[in-house]
1. Which entries of K71/K215; K118/K190; K164/K190; K164/K248; K24/K136; K136/K190 have Cα-Cα distances beyond 22 Å here?
2. Who wins for biggest fluctuation among R217, R180, R144 in a Gaussian network model of the chain, springs between alpha carbons below 10 Å?
3. Order of E22, E127 from fewest to most other C-beta atoms within 10 Å?
4. Ranking T178, T74 by Cβ neighbours within 10 Å, fewest first, what do you get?
5. Could you derive backbone 3J(HN,Hα) for the range 125-134 from the dihedral phi with the Karplus parameters 6.51, -1.76 and 1.60 (θ = phi - 60°), listing whole Hz in sequence and x where the residue is Gly or Pro?
6. Would you please classify the overall shape of the range 158-253 from the alpha carbon gyration tensor, given that a ≥ b ≥ c denote the square roots of the eigenvalues, rounded means a/c under 1.5, and beyond that prolate means a/b larger than b/c while oblate covers the rest?
7. What is the order of I59, I188, fewest Cβ neighbours within 10 Å to most?
8. Rounded to the nearest 0.05, what FRET efficiency is calculated for Y106 and C168 with R0 set to 35 Å and r the Cβ-Cβ distance?
Amino acid sequence: MKVVGLVSGGKDSIYNLMKCVENKHEIVCLANLYPPTSGNHEIDSHMFQSVGAEAIQYIGEAMNSIPLFRKVITGKPISQGLEYEQDENDEVEDLYLLMQAVVTHYPDIEAISVGAIKSTYQKNRVENVCKRMGLKMLAYLWDRDQTELLDDMIQDGVEAIIIKVASCGLTTKFLGQTLRESRDQLLILKQKYNINVCGEGGEYETFVIDCPLFKKRININTCEAVLHTPPDETVSYLVLHTLECIPKEESETS
C-alpha cells in the first residue's frame with residue numbers, strides 16, 4: 001500500500017515506518033503536527049509530541065528529501081473520553097485536516113503509519129480519522145512488550161537521542177543520551193518505579209538522528225537544555241537549535 005507516515009521525529013513513528021517498508025509498503029510522504037509558536041516547545045496535547053518539532057524538516061531531508069506535510073496545532077484535547085466524540089475545536093480535527101491536505105496531493109494514499117504502542121486513547125483517535133477518510137491504519141508496534149521492542153529498535157539500527165524527560169528517576173543527565181546508552185538504566189527504573197521503558201506513558205521523548213531508512217545522518221550542532229519545572233520535579237527538555245544532514249559515507253569517514 002501507499003502510505004503517509006505520521007511522524008513526530010521520535011523513535012516510535014520512525015520505527016513503525018521501518019516496519020511498513022519491511023512489509024512491502026511504500027512511504028509516499030510524511031506528515032507532522034506542530035505547536036502554534038516557535039518558542040512554545042511544550043503544549044497541552046494528549047496526542048502529539050511537540051518537543052523537537054523545530055527539527056522535523058531534517059527527518060524528511062534525511063529520508064532522501066521525501067515530501068513533508070505540516071500543520072499547526074490549533075485545537076485542544078476537548079473530547080477526553082476513551083472514545084473520540086467529534087468536536088471542531090479538538091486537536092484531532094487538526095490531524096483530519098492535515099490528512100485531507102495529504103490526500104489532496106496524493107489521492108492514491110491508502111494508509112497512515114502511526115507509532116502507537118499502548119495508548120488506546122491515541123489509537124482510537126487515529127482510527128477515527130482513518131475511518132472518516134477511508135484509510136487504513138498501520139500500527140506494527142501496537143501492544144508489543146516494551147522491553148523487547150526497545151531492544152529491537154536498538155538492534156535494528158534506530159539511533160535516537162532522548163530530548164525530554166518527565167518521570168521519577170529520569171534526570172537531566174539522560175538528555176542527549178542515545179537509546180543504547182540509556183537502555184540499562186531504563187530497565188532499572190522500570191523495576192524501581194514501574195516506568196514504561198519505551199516512554200509510552202510520557203516518561204521521555206526522543207528524536208531520531210539515524211536509522212536504516214535515512215540516506216543522511218542528522219547532526220545536532222547546537223542545542224539547549226530547558227528546565228520546565230522546579231528542581232524537585234524532573235521535567236526538562238532539549239531545544240534543538242542548529243542541525244545539518246550529512247551523507248552517511250561522509251559522516252562515517254569524518
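1. Violating the 22 Å limit, Cα to Cα: K71/K215; K164/K248; K136/K190.
2. It is R144.
3. In increasing order of surrounding Cβ atoms, one gets E22, E127.
4. T74, T178
5. 6, 5, 4, 4, 5, 4, 4, 5, 9, x
6. Numbers: a/c = 2.91, a/b = 1.61, b/c = 1.80.
Verdict is oblate for the range 158-253.
7. On the way: I59 29, I188 13.
Least to most surrounded, the residues fall as I188, I59.
8. After rounding, the FRET efficiency stands at 0.20.
Quick note: the coordinates plus some simple rules give every number you see, no bench work behind them. On a predicted model such as this, the values are computed, not experimentally measured, just so you know. Every residue, glycine among them, receives a Cβ derived from its backbone with ideal geometry; neighbour counts consider all protein chains shown.
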